[in-house]
Amino acid sequence: MSAPVDNLMMDYPLTITQFFERSRRLWAKKVLSTRVPGQPLFRYTYADFAARTQRLAGGLTALGMRRGDRVATLAWNSHRHLELYWAIPLMGGVLHTLNFRLAPRDLTYIVNHARDTIVFCDASTWPVLDTIRKDCPSIRTIVVMKDTPEAPVPPGALEYESLLASATPAAAWPQLAETQAAAMCYTSGTTGNPKGVVYTHRAIYLHCLAESMTDTMALSERDVILHIVPMFHANAWCVPFAAVMLGATQIFGGPNPQPRDIAGIVQAEKVTFVGAVPTVWIAVKELVEKEGYDISSIRMIPSGGSAVPPSLMDVFEKKFGASMMHAWGMTEMTPLGTISRLKSYMRDLPDAEQLAIRAKQGYAAAGVDLRVADEHGREAPWDGTTMGEIQVRGPWILKSYYDAPESADRFTPDGWFRTGDLATIDAEGYIQITDRTKDVIKSGGEFMSSVALESLIMGHPDVLEAAVIAVPHPKWIERPLACVVPKAEAKGRLTEGDIIEFLRPQVAKWMLPDEVVFIDAVPKTGVGKFDKKVLRERYKGWQAKDG
Ligand code: ADP
């Protein structure tokens, strides 16, 4: 009988401890910094970061954190937040990032549901915590980080730097299983209560490798990364984890970064990689066009969270020399799902065709199984026109929400996660999101994509932003209403007719919005996406012109 051939490789756990230890040894001289309003960037080295993370880990033990305890952060992007990103999971705790822009009611629900025990908050976000803490009995310790030098520490709270100063650095990391929880994040709960997603060490480990691949974000030690995606949002797309693994130079955006801060840092620090949702880039584009910053050091702007208008990608690339890449994902997916890169044989296509492909959300990243399916799980043909729900499987996709048995219907019987996003998939495997199930417009028997209309309207030179929602219609059931924000210089000049005539040659007749309303700004969610819930509420009694 021959010797067994299977399973002769080590069962080495895929925990982020490996990344941290390697990073500590290799990248000691590399630099991390944080924007401090009104001051030069605060800078320190990876050696400082590692030493402070070890101290923080000792401090967490002193505060009584045990394995599996949820430790919350309520903070802007900073080097301190990065220390928490690492120290908590390295010690076996669960980093629970809280979005301080949520309504107090939702935030209270989330803290109580997760049973957070310790909360680290910035002095500038303290008022949010102060509002809810009396209703959150699980919180036993609050640690305040002075994100501006003069910030006071509220009575009863500990101060972050004092905690570090008095702590004994952790001498060794505990042995953790790769399935152990490392981090946690709640989705914003567009229907029902917010739901918790718990990332295992293994999911983060594999996701870091996947997003560093050349054919995804090509992250590397050579990158200078500016963190603008909030660290409370889907692990800031996991980039702070991957960047430490790689030893990249990192700059944290600090409290409330504005377009001028972003463009200024990019120019001064020669940033090569900076992600953010499209609404941020719309504002940066306006500023750079007016004031002429040099942002050509950027090799990649990953953008997603909502559809990136192709016109925006075009300006960044052609005018500013900063390449934008469209990606799709969700909190439930750690978050990477697809990335829109041209295949090598598409490089010779005419410019407009290349842009049209890159404006799609892209094809599945290696490691993600993806199908567009009808309600029975039947896969849609790869024809670029049949619409279905995107369903996914993979090692960094949740198999269950935290303590939410009512969400079992988000999974198919054969083990796929139902994303709630509607899309088409073309012959090359590129998906195009047509809507979230709740945003799609049902006009007559046809489904109409609000996202497609928005992207087109935002291509009008006088338009700053546009959101399209469904309004009830007696004959057609629903019709699209376009809510348009004109650029400052076009206010009062831009008309409904201008928008309709601009769209007419680009869409089928039945897709033309019946009406256009001009508004001052599109309401945004806590993470800067268009909040169509608010618009739907505002226009819920809307009477269609011909209705
Ligand atoms: P939230 O529910 O708070 O928006 P997520 O950040 O997890 O939470 O949002 C994920 C959703 O964002 C996806 O399900 C999808 O609807 C939308 N989305 C993400 N990326 C894109 C993209 N590139 N284009 C269109 N929609 C996107």
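The values are calculated or read from the model by the stated rules, or taken from the named source; none is laboratory data. This is a predicted model, so every value here is computed, not measured. Here Cβ is always computed from backbone atoms with ideal geometry, including for glycine, and neighbour counts include all displayed protein chains. The protein model used for the area step is the full one, side chains on, heavy atoms only, and it has no ligands, DNA or RNA in it. Shrake-Rupley method; radii C 1.70, N 1.55, O 1.52, S 1.80 Å.
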*Beta bridges by DSSP in the chain, antiparallel share as percent, to the nearest 5*: 60 percent
*For segment 157-259, what is the percent of antiparallel DSSP beta bridges, rounded to the nearest 5?*
55 percent
*Can you list the HN-Hα couplings for segment 78-83, worked out from phi with the Karplus curve (6.51, -1.76, 1.60; θ = phi - 60°), rounded to whole Hz and with x for Gly and Pro?*
7, 5, 5, 4, 5, 4
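Could you give the size of the charge dipole of segment 439-538 about its Cα centre, using +1 on the Cβ of each K and R and -1 on the Cβ of each D and E, expressed in debye and rounded to the nearest 20? Don't jump to the answer; show the numbers that get you there.
Details: 14 positive and 15 negative charges, 45 e Å.
Using Cβ point charges on Lys, Arg, Asp and Glu, segment 439-538 gives about 220 debye.
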_Separation of alpha-carbon centers, segment 389-431 and segment 447-477, rounded to whole Å_ = 26 Å
*What percentage of the solvent-accessible surface of the chain, computed with a 1.4 Å probe over protein heavy atoms, is contributed by carbon and sulfur atoms?*
55 percent
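When the dipole is taken about the Cα centre of segment 344-459, and only Lys, Arg (+1) and Asp, Glu (-1) are charged at their Cβ, what size is it in debye, to the nearest 20? Please list the in-between numbers first.
Working: 12 positive and 20 negative charges, 49 e Å.
Dipole of segment 344-459, to the nearest 20 debye: 240 debye.
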*Residues with amide H under 5 Å of ALA183's amide H, sequence separation 5 or more or different chain, H placed in the peptide plane at 1.01 Å from N; which?*
LEU95, TYR199
*Ignoring everything but the protein chains, give the 1.4 Å probe accessible area of GLU353 in square angstrom, nearest 10.*
90 Å²
*Just the accessible area per residue of segment 357-447, please: how many Å² with a 1.4 Å probe?*
47 Å²
*Principal-axis tilt of helix 104-114 within the chain, Cα atoms, nearest 10 degrees*: 50 degrees
_Surrounding net charge for LEU95, when Lys and Arg each add one and Asp and Glu each subtract one, Cβ distance under 12 Å_ = -2
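Which order, highest average first, do 225-231, 305-311, 125-131 follow once you tally other Cβ atoms within 10 Å for each residue and take the mean per peptide?
Final packing ranking: 225-231, 305-311, 125-131.
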*Under a point spin-label approximation (7 Å from Cα along Cα-to-Cβ), what is the GLU150-ASN256 distance to one decimal in nm?*
1.5 nm
*Could you name the lysines whose alpha carbon sits less than 21 Å from that of LYS475, not counting residues in the same chain fewer than 8 places away?*
LYS438, LYS442, LYS509, LYS540, LYS545
*Using +1 on the beta carbon of Lys and Arg, -1 on that of Asp and Glu, and nothing else charged, what's the dipole of the chain about the Cα centre, debye to 20?*
1100 debye
*Please report the relative contact order for the chain, taking Cα pairs under 8 Å with a sequence separation of at least 6, and give it as a percent rounded to a whole number.*
10 percent
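Of the peptides 2-11, 164-173, how do they stack up when ordered by the mean number of other Cβ atoms within 10 Å, highest first? Numbers along the way, then the final one.
Numbers: 2-11: 5.9, 164-173: 14.1.
Highest-to-lowest ranking by the protection proxy: 164-173, 2-11.
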*Sequence-distant or interchain residues sharing an amide H contact under 5 Å with GLY305, placed H: which?*
GLY329
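Would you please put 373-382, 59-68, 45-54, 479-488 in order of how densely packed they are, using the mean number of other Cβ atoms within 10 angstrom per residue and starting with the highest?
With the highest mean Cβ count within 10 Å placed first, the list reads 479-488, 45-54, 59-68, 373-382.
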*Put LEU355, LEU535 in order of accessible area, largest first, 1.4 Å probe: what do you get?*
LEU355, LEU535
*Go through PRO480, PHE42, GLY292 and say which Cα lies farthest out towards the positive end of the charge dipole of the chain; charges sit on Cβ, +1 for Lys and Arg, -1 for Asp and Glu.*
PHE42
*Within segment 439-538, what percent of beta bridges assigned by DSSP are antiparallel, to the nearest 5?*
80 percent
_Dipole axis of the chain (+1 Lys, Arg; -1 Asp, Glu on Cβ), positive-most option in CYS121, LEU209, SER306_ = CYS121
_For the pairs LYS360/LYS532; LYS270/LYS290; LYS285/LYS532; LYS30/LYS270; LYS399/LYS533, flag any whose C-alpha to C-alpha distance is greater than 26 Å._
LYS399/LYS533
*Phi to ³J(HN,Hα) by Karplus 6.51 cos²θ - 1.76 cosθ + 1.60 over segment 164-173, Hz, x for Gly, Pro*: 5, 4, 8, 7, 8, x, 4, 7, 8, 8
*Counting other Cβ atoms within 10 Å, keep those with at most 14, restrict to DSSP loop, and tell me which trypsin sites (Lys or Arg not before Pro) in segment 492-531 are left.*
ARG493
_Karplus (6.51, -1.76, 1.60) ³J(HN,Hα), θ = phi - 60°, over segment 473-481, in Hz, Gly and Pro reported as x_ = 9, x, 8, 9, 6, 9, 9, x, 10
*segment 25-95 to segment 109-135: how many Å between their Cα centroids?*
19 Å
*Put +1 on the Cβ of each Lys and Arg and -1 on the Cβ of each Asp and Glu in segment 416-479; which of GLN432, LEU464, SER449 then has its Cα farthest toward the positive end of the dipole?*
SER449
*asked:* Given the DSSP H assignment, sum -39500 (n - 2.57) over each helix run of at least 4 residues in the chain and divide by its residue total; what's the result at 222 nm in deg cm²/dmol, nearest 500?
replied: -8000 deg cm²/dmol
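Order the following by accessible area, largest value first: THR15, THR385, THR437. Probe radius 1.4 Å; ligands, DNA and RNA are ignored. Walk me through the numbers on the way to the answer.
Numbers: THR15 10, THR385 105, THR437 70 Å².
Ranked list, largest accessible area first: THR385, THR437, THR15.
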*asked:* Taking 8 Å as the Cα distance limit and 6 or more residues as the minimum spacing, I'd like the relative contact order of segment 274-392 as a percentage.
replied: 18 percent
